[in-house]
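Contents: one structure, followed by commentary.
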Amino acid sequence: MYHLLVLSIIATVLCGYTASKSVIVPGALWYDSDGNEIQAHGAGIFRVGDTFYWVGEDKADNNYLFSAVACYSSTDLVNWERHNDALTPISGTNISSSNVVERPKVIYNEKNTEYVMWFHSDNSDYGAAMVGVATADTPCGPYSYRGSFNPLGAQSRDESLYQDDDADQTAYLLYASDDNQDFKIAKLDSDYYNVTEVVAEMVDATLEAPGMLKRDSVYWLFASHTSGWAPNPNKYFYATNISGTWSSQADIAPEDTNTYCSQNAFEVALGSNAIYMGDRWDEDELGNSRYMWYPLSWASGDPQIVYADLWMVDYDEGVYYVLNGTVYAAADGTLGGSAVLLGSDSTYNGHEGVGYLGNGGTLSINVTGIGASQWVALYYANGDSSWRNTTVSVNGGSSVVVDQPETGGGNVIFSIPVELYLEEGTNTILIGAGQSNYAGDMYEIVVYTQT
């Protein structure tokens, strides 16, 4: 029997994105305007006029080696159109298809009227530990590769860029260095082609996956620790001067949630708050890795992720909206096969858990639908260090396989979204397991009417 962590689900307001056209659904499969899965992991977001651009790693071939830096555009952070690839492999260089290109970030150099992309550039065993630079005249390019190097002679693996709002538009490289032990911030030259000096360093910090934003004249740095593809508790730091003394680390989500099974990629300011943009990595099937975008709120005085199954955003107004659904307790459903109630010591949100859904165990729950495709959030506890899956069917129809990500070994309750067609009135949802031995324990499902 699991000792369960109860997540605090906060109802607040923020920005959104999803496979549907008006809401953001963290952890769902997201599709572009042509109906294809969005492939842009390790995101970098930048805005030109009223248009947002999203560059990221195309992992459609499920390989960690370089395939392409994809480029998408949107005017609302919800509906995305894919354009030509921003960067593609070049044989005989450090960005060939036998090399690694990760975490692309783009900033605009006003002096040179060009877009400058930096990325983690490496060989297949991650021994080179370099940055790469490419430039273009347009947001999606294609970008011309300028070369790869070790900044100031030191290693650089996971990295990001930050462009300040001062008169000179000073830009900085944020990077994991020295075998990922030390974290450094280096100032870029005026062309944004190279670095000139390290202005801050956190020795023995073991940080990666960085991002930065400025809020009320305070700089906020976000990063994970180093645990490979597995999730860990991401942290924040702050300073009043980017070259000054940085605070000690603190969590942006309850520690045992491992940042809701995600790793930081980028932050976008949203009014007085922000949007946390993370990745839920699937090491065995990288193209299946999911985008975990959540509101990031300073309501408590410190930045905290606002956990939400579904949420919406109005960027121009600087607000977000967390949506509510109808909750159905798993313990009120009908158990079949090997499924059992887990007892009063295993509760979440006041609901007793249903376990042993593997080996033929099933759970049947009656819910009310509106005669449309609706988002249904499945609330599970998964104490495994590997991905699992479960199966869901409606009214005796064909089953849909729903992935359950690894939690890094912690017994954490989290939601998995699935889009199901529900008839108007009563529907019967049957939940089982897509494997013969293990499946997460079920606590509740939440049915939403928004699309």
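The values are calculated or read from the model by the stated rules, or taken from the named source; none is laboratory data. Small disclaimer: the values here were computed from a predicted structure and weren't measured. Neighbour counts are summed over all protein chains in view; Cβ atoms, including those assigned to glycine, are modelled from backbone coordinates with ideal geometry. These accessible areas exclude ligands, DNA and RNA; they are computed on the full protein's heavy atoms, side chains included. Shrake-Rupley method; radii C 1.70, N 1.55, O 1.52, S 1.80 Å.
When the expected Rg is taken as 2.2 N^0.38 Å, what fraction or multiple of it is the alpha-carbon Rg of the chain?
On the way: Rg = 22.1 Å, N = 451, 2.2 N^0.38 = 22.4 Å.
For the chain, the normalised Cα radius of gyration is 0.98.
Once the dipole of the chain is set up with Lys and Arg at +1 and Asp and Glu at -1 on Cβ about the Cα centre, which of N324, M312, S73 lies farthest towards its positive end?
N324
Whenever you get a sec, compute what percent of the accessible area on the range 41-322 sits on carbon and sulfur atoms (1.4 Å probe).
Working: 4060 of 10030 Å².
Exposed carbon and sulfur together represent 40 percent of the surface.
Could you grab the relative contact order for the range 248-402? Cα pairs under 8 Å, six or more apart, rounded to a whole percent. Please list the in-between numbers first.
Numbers: 209 pairs, mean separation 18.7, N = 155.
The value is 12 percent.
Given charges of +1 on the Cβ of Lys and Arg and -1 on the Cβ of Asp and Glu, with all other atoms neutral, how large is the dipole of the chain about its Cα centre, in debye to the nearest 20? Kindly include the intermediate steps, with their values, before the conclusion.
Details: 17 positive and 57 negative charges, 57 e Å.
Roughly 280 debye, rounded to the nearest 20.
Where Lys and Arg each count +1 and Asp and Glu each count -1, what net charge lies around A200 among other residues with Cβ under 15 Å from its Cβ? Let's see the in-between values first.
Values: positive: K184, K187, K214; negative: E159, D164, D178, D182, E197, E201, D204.
With Lys, Arg at +1 and Asp, Glu at -1, the neighbours total -4.
Lys and Arg at +1, Asp and Glu at -1: add these up for the other residues within a Cβ distance under 9 Å of Q404 and post the number.
Details: positive: R388; negative: D384, D403, E406.
Net charge around Q404: -2.
Would you mind telling me the share, in percent, of accessible area of the range 326-447 contributed by carbon and sulfur at probe 1.4 angstrom? Write out the running numbers ahead of the final one.
On the way: 2000 of 4620 Å².
Roughly 43 percent, rounded to a whole number.
Which part of the range 104-143 falls in the paramagnetic zone of T51, meaning amide N under 11 Å from the point 7 Å along Cα-to-beta-carbon?
Counting only backbone N, you get 138-141.
Explain nothing, just the number: dipole magnitude of the range 190-313 about its Cα centre with +1 on each Lys and Arg Cβ and -1 on each Asp and Glu Cβ, in debye rounded to the nearest 20. Present the calculation step by step, with values, prior to reporting the outcome.
Values: 5 positive and 17 negative charges, 90 e Å.
For this selection, approximately 440 debye.
Of N234, A433, N395, which is farthest on the positive side of the dipole of the chain, counting Cα position, with +1 on Lys and Arg Cβ, -1 on Asp and Glu Cβ, and the Cα centre as origin?
Value computed over the given set: N395.
Enter the Cα centre distance for the pair the range 115-193 and the range 338-412, rounded to the nearest angstrom.
Their Cα centres are 42 Å away from one another.
Round to the nearest 0.05 the FRET efficiency obtained for N395 and Y31 when R0 = 30 Å and r is the Cβ-Cβ distance. Before the final figure, lay out the partial values.
Numbers: r = 25 Å, r/R0 = 0.84.
Rounded to the nearest 0.05, the efficiency is 0.75.
Given charges of +1 on the Cβ of Lys and Arg and -1 on the Cβ of Asp and Glu, with all other atoms neutral, how large is the dipole of the range 326-447 about its Cα centre, in debye to the nearest 20? Intermediate results must be reported in sequence, preceding the final value.
Values: 1 positive and 11 negative charges, 33 e Å.
Magnitude of the dipole: close to 160 debye.
Taking the solvent-accessible surface of protein heavy atoms with a 1.4 Å probe, what is the per residue accessible area of the chain in Å²? List each step's numbers first, then the result.
Working: 16730 Å² over 451 residues.
Using a 1.4 Å probe on heavy atoms only, each residue of the chain averages 37 Å².
Give, in nm to one decimal, the length gained when the segment between N62 and T451 is fully stretched (0.36 nm per residue of separation minus the Cα-Cα distance).
On the way: separation 389, 0.36 × 389 = 140.04 nm, distance 2.91 nm.
Separation in residues times 0.36 nm, less the Cα-Cα distance, equals 137.1 nm.
Just to check I understand the Karplus step: with θ = phi - 60° and J = 6.51 cos²θ - 1.76 cosθ + 1.60, what whole-Hz values come out for the range 73-87, glycine and proline as x?
After applying 6.51 cos²θ - 1.76 cosθ + 1.60, I find 10, 7, 9, 9, 6, 10, 9, 10, 10, 8, 10, 4, 4, 6, 8 Hz.
Hey, what did the chain get for relative contact order, percent, Cα under 8 Å, at least 6 apart? Working shown, then result.
Numbers: 1344 pairs, mean separation 66.4, N = 451.
Once divided by the residue count of the chain, the mean separation gives 15 percent.
Can you tell me which lysines have their Cα less than 22 Å from the Cα of K105? Leave out same-chain residues fewer than eight positions away.
The reachable lysines, counting only those whose Cα sits under 22 Å from K105, are K59, K184, K187, K214, K235.
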